[in-house]
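Undergrad: Dropping a structure here in structure tokens format, bear with me for questions.
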Amino acid sequence: MFTYSLQGLELTADVSGPLEVEENETTARSAVYQVLGAFFAASPADAADGERWSKELAEAATLLPFAFEVGSVAVPNGTSSDDHAAEHDRLLGGSALLGGAARDDRDAEIASVRREYEYFGLASSDEAPRPADHLATELDFLQYLCFREAATPSPRLVASFRRAQRDFLVNHVLDWVPGFVAATLAAGAGQPLAWALERLDAFLAADHDYVVARLGA
Amino acid sequence: MHSEDVIGLPRSEERASEDTYRSRWTWESVGWGTHCVDCYPGNCPYRVYSSGDRVVREEPSGTFDTVEEGVPDANPMGCNKGACWSQQLYDGDRLLHPMRRVGERGSGEWERISWDEALTQIADSMLDAIAEGGPQSIVREGTPEVAAVFPTDRFFNVFGGRTLDLHPSFNDFSIGLHETFGKWNPASSADDWFHSELILIWHMNPAFTRIPFYHYMLEARYHGAEIVSISPDLNASHMHADYHVPISSGDDAALGLAMVQVILEEGIADTTFIREQTDLPCLVRTDTRRYLRASDVRGGGLARDDQLFHWDPEQGLVEADRGNLLLHGREVALSGSYEVTLANGQTVTVEPVLAMLERQLQEHYTPELSQAITGVHPDMVRMIARKAATSRTNIMLGWNSCKYYHGDLIERAMCLLLAVTGNWGKQGTGIRSWMIGMADGMFTLMVKTLPGVEGAEQLLAAQEAGTAMMRAADPSITTEEIAVRELSRTLARVQLGEEGTMGMRGSPPAFWWYWQGNYRERWNNPEWGDTSLPRTFDEYFEEAIANGWWTGLDEPRPEDPPHVLIECGGNMLRRTRGGATQLGPNLWDRLDLIVSIDFRLNFTGLNSDIVLPAAQHYEKVNFHIPTSHTMRLTLSDRNVTPAGEAKPEWDIYRLLLETFARRAAERGVTEYGNGTGATFTPADMADRYTLNGYLTGEDQVADEIIRDSVYVGTLPEGTDLARMREVGFERFIGWGTSPYALAQASPIEMEKTHSPFRNHVELGDPFPTYSRRAQFFIDHPWWTEAGEDLPVHKPNPRSGGNQPLRMTSGHNRWSIHSMNQANPVILQTHRGEPLVEISVEDARARGVADDDLIRVWNDITSFRARAKVSPGVRPGQIVSYNGWDGHQYADWKGANEIEAGMVKWIAFAGGYGHINYSMSEWQPIPVDRGVPCDFELDPTPTNDGR
Ligand code: SF4
């Protein structure tokens, strides 16, 4: 059985449907968002454990309805935790993980993603545990939408959750993440960050195509 | 750019006036605006230019896209009121602060008070009212001003107040359309008019009332259509018509029936259409003059009473299919008589409705006979009838016919003309009323108890469960439209009274007027009603109550008097037929508190105890009436902050609920009941109103409306407030769930104009009537008793006296009701004070000259206005265009004071298929056209300052 696990968002509304469901293609998508979100929310020390992340991602991706290469992470020997932390700070510190920072008007972007969360019964605050436009929060939201798609008994809601996934990907996540991935890789990201960035980039593109195709069908 | 740049002149002090002028035409920001009032269909997208937090001007955006190739677009969309709307944001009658009267009601003496003082006094009065008579003693009439509707509805739902059905308050209920189609609101898109070949402007004056859309009629004419204007007077729409049919006022049923007689007699009727779409082939027993029913043929028990029959030349007696109208070429009988053996062994003769109808037409409504009623020459009748039979014909119906006592008969005759000529369900055809729908988020917002998508889903799922129950109970319900309508009829009788957001009590206002406004006295005047009826008004009324036709709805009873009245966005004293003359002593004086929430101080506000200033359009986020006439949702944005201390209605109600909770706590009121067993807790009402703070303000509310509409499937995916702010409007892509939208019964094709009823014609979807067809024979016992089972002509009753003249009305060109009557720009475009139009002959006979002040009177009372002597007005007629506010007349007595407010007596009927109440549908409606009156030169011209 699969259930969602939110870290940057909290549930505010009563929801229809069960809180856990049999694993299937859709929960697999939710699970991948869950792992990727957790990675970008993790502390430098936690994020450094490439083996753990690749294992978790592979497990999550088992039932995915489309091809997705998890790959393996080769963390160079001799990288100290201090090195990791310094590298993490250099590449992901400041506003690097904030989608709003990539836009002219961050406040508007925060208001916009917040409104998306709210309409689907979720809330975030600026403070805890991370901003509404943080990459991990945005991935959390996609995780939740996929889970609800899998769990809801209403065909109308299924369609709505799918549309919301597509729109959120197009209007928010895909609007800044590919640029952020490219820039971070170009800045010399090491492992396992480089692996995670490439997986993120590939998964977002594949999932977008999948959702669009499903909606078209 | 300065002037010297253009013509090389040096600038000097003397040229400062140019700068003044230039500064008027500079702005800092541009946003979207429209005027979300009852200028229906309106929806004109405007660009609003603001400077220094003041709107400096507006102009039509001209941005509606073309829908169908070859059909003109709607642009520029606008009217004279809209073009100077911003004047009213800063006019003298603008309400800027909460005010409380200090003198008598209506004395005009006010003091400015704080919001807190105002809300505290209102909250205390509400608590007093609840203690004395429950929350249902706090009452509001409905209002068509869409900006005020959904916050007010949600507010009343939360605390359990009483809301009166809005439709009778302004009486645009096309009752004859309802009697015929089981729904009153087909509404084609305005661009569909372009497809017409014959346009009958009938009970409408579109040059005045449809300013943004009138061009479609002219363009249709350039495209080859002919326009016929049918009216007693020569009005502005007559000017571009090909023919004018000068008919005596209110006698239109006779004209319509005469045209039908010609078409049937000349054999030019569309018999396939008649057979499939109407009840005209249904069989009627000649012994009882009632339909032949399955219960007759098969006996009681399981046989349904509403299963009717056709006569098939090959198969004999066959059931008229209730599930689908298509006959696939079968030619069921339209004439002849047949023998049928009933379940009890009796043999009876039956004949199709059409056979009875033809006899009646032959006997009473040949063109020659109708001329004696209408004054219309038989040649004219025949000419128009033949054109209608061979053309895509469109009856441009306003909301004038429905304001006649026998307006239903007029409209039934119009529908019959369309039926025999095959003129609905095709582009360029049909008849119209008004509709609201598609923006389903507006409706979910009134009642949702959960935020976001979950709340919308909960409501949709509930409706689905309800319609499934309806279908299970009656398998002949084959369409969503009928299922939803049946559900609405059922739910209308259930006073949910639940704590939460479904708490308000809804009532048809006829009972409010009857018991609380003392209209009982007027309605029981036998001289003022239909004198052909064999019984008194109260005999019908009491029978209706005894039969349970209004059970759960016939409120508020005398023992349940109102205490607090809240009028928001309306102008009840100006609007109500009978006005202050009737409401003053009978209702107004008994109320403990009257609150008016508006952006201007109107006549009702002047007679209130507390007035609260609402934000104007351009100062709040809202949408125009979502309607199939325009097929678009149009945004009016907050371009500037509200003037003075004004607030959007949404915020006013939230603050009021917070104050109410505080005062309830201070007075020890923790909960109260509403008489139905439900309890309400003041402490958390504001939270329920805002869904625990989820609906933080008007941006969030507007966005929720849009997103819920997207969820329901009526707006394109991805639409939200941010997108609307970019483009100003969005085209609807689906009908959604409301009965009025589903009533269109047509597919939405994005590249085609909308013409209602296509599903009835193309797919054979049944109509939501008793017979499941367009129904011209209504064998309800009251219709039989009234001699109205078939469409007939009846003279207009003399509601108000036996005077020789008749006052008619209509919307004016200069104002949306009373809303723009004090706009200084608009005032300069006409005579600038209340007037009535009178004929040259009547003026001469009474020694009245143009612009004289005259007194217009009948048995009820009188009012004074300027005389506009017009050769366009027919002798015997007085035209009083509506909209002047009560206080603009001498002595604060307007034209509505001489209206009796009579209702059609048999409109209290029920218990017969579509002759049953549901919200804003079947119910008694007060009428105001053809008011008996006379006039004289005013003997005491108190307001004549010239
Ligand atoms: S008042 Fe109504 S009809 Fe006139 S411009 Fe505004 S929206 Fe259009």
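Every number in this text was worked out from the coordinates using simple rules, so none of it is lab data. Treat the numbers as computed from the prediction; the structure is a model and nothing was measured. As a convention, Cβ positions derive from the backbone with ideal geometry for all residues, glycine included, and neighbour counts pool all protein chains shown.
Undergrad: Given the Cα-Cα distance of B:Ser476 and B:Asp53 and 0.36 nm per residue of separation, how much length would full extension add, in nm? Write out the running numbers ahead of the final one.
TA: On the way: separation 423, 0.36 × 423 = 152.28 nm, distance 5.88 nm.
Full extension from B:Ser476 to B:Asp53 adds 146.4 nm.
Undergrad: Treat each spin label as a single point 7 Å out from the Cα along the C-beta direction, and report the B:Thr641 to B:Leu96 distance in nm.
TA: Going by the 7 Å Cα→Cβ label model, 1.5 nm.
Undergrad: All other residues with a Cβ under 15 Å from the Cβ of B:Asn171 taken together, and with Lys, Arg as +1 and Asp, Glu as -1, what is their net charge? Show your work: numbers first, answer last.
TA: Numbers: positive: B:Lys403, B:Arg574, B:Arg575, B:Arg577, B:Lys904, B:Arg929; negative: B:Asp38, B:Glu141, B:Asp165, B:Asp172, B:Asp408, B:Glu411, B:Glu899, B:Glu921, B:Asp928.
Charge balance near B:Asn171 sits at -3.
Undergrad: Enter the angle in degrees (range 0 to 90, nearest 10) between the Cα long axis of helix A:25-41 and the first principal axis of the Cα atoms of chain A, meaning the one along which they spread out most.
TA: 40 degrees
Undergrad: Inside 10 Å of the C-beta atoms of A:157-170, what's the mean count of C-beta atoms belonging to other chains?
TA: Mean partner shielding for this stretch: 3.
Undergrad: While we're on this one: Using 1/(1 + (r/R0)^6) with R0 = 56 angstrom and r between the beta carbons of B:Arg359 and B:Leu491, what's the FRET efficiency to the nearest 0.05?
TA: Rounded to the nearest 0.05, the efficiency is 0.85.
Undergrad: Add +1 for every Lys or Arg and -1 for every Asp or Glu among the other residues with Cβ under 14 Å from the Cβ of B:Glu358, and state the total. Before the final figure, lay out each step's value.
TA: Working: positive: B:Arg359; negative: B:Glu265, B:Glu266, B:Glu351, B:Glu363.
Combined, the nearby Lys, Arg, Asp and Glu give -3.
Undergrad: Taking the alpha-carbon centroid of each part, what is the distance from the range B:509-545 to the range B:711-783 in angstrom?
TA: Cα centroid to Cα centroid, the span is 35 Å.
Undergrad: Among the lysines, which fall within straight-line cross-link reach of B:Lys426, defined as a Cα-Cα distance under 16 Å, with same-chain neighbours fewer than 8 residues apart omitted?
TA: B:Lys426 reaches B:Lys752.
Undergrad: Can you classify the range B:3-90 as rounded, prolate or oblate using the Cα gyration tensor, where a ≥ b ≥ c are the square roots of its eigenvalues, rounded means a/c under 1.5, and otherwise it's prolate if a/b beats b/c and oblate if not? Spell out each step's value before the answer.
TA: Details: a/c = 3.31, a/b = 1.88, b/c = 1.76.
Prolate shape, in that a/c is at least 1.5 and a/b is the bigger ratio.
Undergrad: Divide by every residue of the protein assembly as shown the summed helix terms, -39500 (n - 2.57) for each DSSP H run of at least 4, and state the resulting mean residue ellipticity at 222 nm, rounded to the nearest 500 deg cm²/dmol. Mind showing how you got there, number by number?
TA: Details: 41 runs with 413 residues, N = 1163.
Computed mean residue ellipticity for the protein assembly as shown: -10500 deg cm²/dmol.
Undergrad: Separation of the range B:813-858 and the range A:5-40 by C-alpha centroid, Å?
TA: 69 Å
Undergrad: Against the longest principal axis of chain B, how steep is helix B:480-492, in degrees 0 to 90 to the nearest 10, with axes from Cα atoms?
TA: Roughly 70 degrees between the two axes.
Undergrad: Right, next: Going down the list B:Lys387/B:Lys904; B:Lys183/B:Lys448; B:Lys81/B:Lys387; B:Lys81/B:Lys620, which pairs span over 28 Å between their C-alpha atoms?
TA: From B:Lys387/B:Lys904; B:Lys183/B:Lys448; B:Lys81/B:Lys387; B:Lys81/B:Lys620, over 28 Å: B:Lys387/B:Lys904; B:Lys81/B:Lys387.
Undergrad: Follow-up. What does the charge count near B:Met902 come to, summing +1 for each Lys or Arg and -1 for each Asp or Glu among other residues with Cβ under 13 Å from its Cβ? Kindly include the intermediate steps, with their values, before the conclusion.
TA: On the way: positive: B:Lys403, B:Arg520, B:Arg522, B:Arg577, B:Arg798, B:Lys904, B:Arg929; negative: B:Glu521, B:Glu527, B:Asp530, B:Asp859, B:Glu899, B:Asp928.
Around B:Met902, the charge tally is +1.
Undergrad: Another one. I'd like the FRET efficiency for A:Ser95 and B:Asp128, computed as 1/(1 + (r/R0)^6) with the beta carbon distance as r and R0 of 56 Å, rounded to 0.05. Write down the numbers at each step before the final one.
TA: Numbers: r = 57 Å, r/R0 = 1.01.
My answer for the efficiency is 0.50.
Undergrad: Please report, in whole Å³, the volume per residue of the convex hull around the C-alpha atoms of the range A:76-217.
TA: Taking only Cα atoms, the range A:76-217 has a hull volume of 128 Å³ per residue.
Undergrad: Return the FRET efficiency for the residue pair B:Tyr222, B:Glu717: r is the Cβ-Cβ distance, R0 is 51 Å, and the value is rounded to the nearest 0.05.
TA: Using R0 = 51 Å, I get an efficiency of 0.85.
Undergrad: Under a plain spin-label model, where a point goes 7 Å from the Cα along Cα-to-Cβ, how far apart in nm are A:Ser80 and B:Trp25?
TA: 7.4 nm
Undergrad: Continuing with the same structure: Taking the Cα centroid of the range A:110-157 and of the range B:100-140, what is the distance between the two, rounded to the nearest whole Å?
TA: Computed from Cα coordinates, the inter-centre distance equals 44 Å.
Undergrad: I'd like the Kirkwood hydrodynamic radius of chain B, using the inverse of the mean 1/r over distinct C-alpha pairs, in Å.
TA: Radius from the Kirkwood sum: 28.9 Å.
Undergrad: Projected area of the range B:210-283, taken from the Cα convex hull and averaged over every viewing direction, in nm²?
TA: Values: hull surface 29.1 nm².
Over all viewing directions, the range B:210-283 projects a mean Cα-hull area of 7.3 nm².
Undergrad: Give the long-range amide H neighbours of B:Tyr291: residues separated by 5 or more places, or on another chain, with amide H under 5 Å away, using H modelled in the peptide plane at 1.01 Å from N.
TA: When sequence neighbours closer than 5 places are left aside, the close amide H contacts are B:Arg285.
Undergrad: Over all directions, how big on average is the projection of the convex hull of the alpha-carbon atoms in the range B:428-578, in square nanometres? Could the numbers behind the result be given before it?
TA: Numbers: hull surface 57.1 nm².
Answer in nm², one decimal: 14.3.
Undergrad: If you don't mind, another one. Taking the Cα-to-Cβ direction at B:Glu117 and at B:Asp73 and moving 7 Å from each Cα, how far apart do the two end points lie in nm?
TA: So the two model labels end up 5.3 nm from each other.
Undergrad: Order B:925-937, B:106-118, A:131-143 from most to least packed using the mean count of other Cβ atoms within 10 Å.
TA: With the highest mean Cβ count within 10 Å placed first, the list reads A:131-143, B:925-937, B:106-118.
Undergrad: How big is the range B:93-181 along each principal axis, measuring the range of its Cα positions in Å and listing the largest first?
TA: 52, 35, 24
Undergrad: Report, by chain and number, residues whose modeled amide H sits under 5 Å from the one on B:Gly930, excluding near sequence neighbours (fewer than 5 apart, same chain).
TA: B:Met807, B:Thr808, B:Ser809
Undergrad: How big is the shadow of the Cα convex hull of the range B:590-725, averaged over all directions, in nm²?
TA: Here the figure is 11.8 nm², rounded to one decimal.
Undergrad: According to the square roots a ≥ b ≥ c of the eigenvalues of the Cα gyration tensor, what is the shape class of the range B:844-922, taking rounded for a/c under 1.5, prolate for a/b larger than b/c otherwise, and oblate for the remainder?
TA: Working: a/c = 2.95, a/b = 2.26, b/c = 1.31.
Because a/c hits 1.5 or more and a/b exceeds b/c, the range B:844-922 counts as prolate.
Undergrad: Moving to a separate point now. Within the range B:692-714, whose backbone N sits under 20 Å from a point 7 Å along Cα→Cβ of A:Leu11?
TA: Answer for the range B:692-714: B:692-694.
Undergrad: Listing B:Ile838, B:Ile545 from the residue with the fewest other Cβ atoms within 10 Å to the one with the most, what is the order?
TA: If I rank by nearby Cβ atoms, fewest first, I get B:Ile545, B:Ile838.
Undergrad: Mind pulling up the Rg/Rh value for the range B:748-875? Radius of gyration and Kirkwood radius, both on Cα.
TA: 1.15
Undergrad: Could you tell me what fraction of 2.2 N^0.38 Å the Cα radius of gyration of the protein assembly as shown comes to, as a two-decimal ratio?
TA: 1.02
Undergrad: Here is a further query. Is the shape of the range A:1-157 best called rounded, prolate or oblate, per the rule: a/c under 1.5 gives rounded, else a/b larger than b/c gives prolate, else oblate, with a ≥ b ≥ c the square roots of the Cα gyration tensor eigenvalues?
TA: Cα axes put the range A:1-157 in the oblate bin.
Undergrad: Taking the 0 to 90 degree range and rounding to the nearest ten, how far is the long axis of helix B:378-390 tilted relative to the main principal axis of chain B, both from C-alpha atoms?
TA: Long axis of B:378-390 versus the principal axis of chain B: about 90 degrees.
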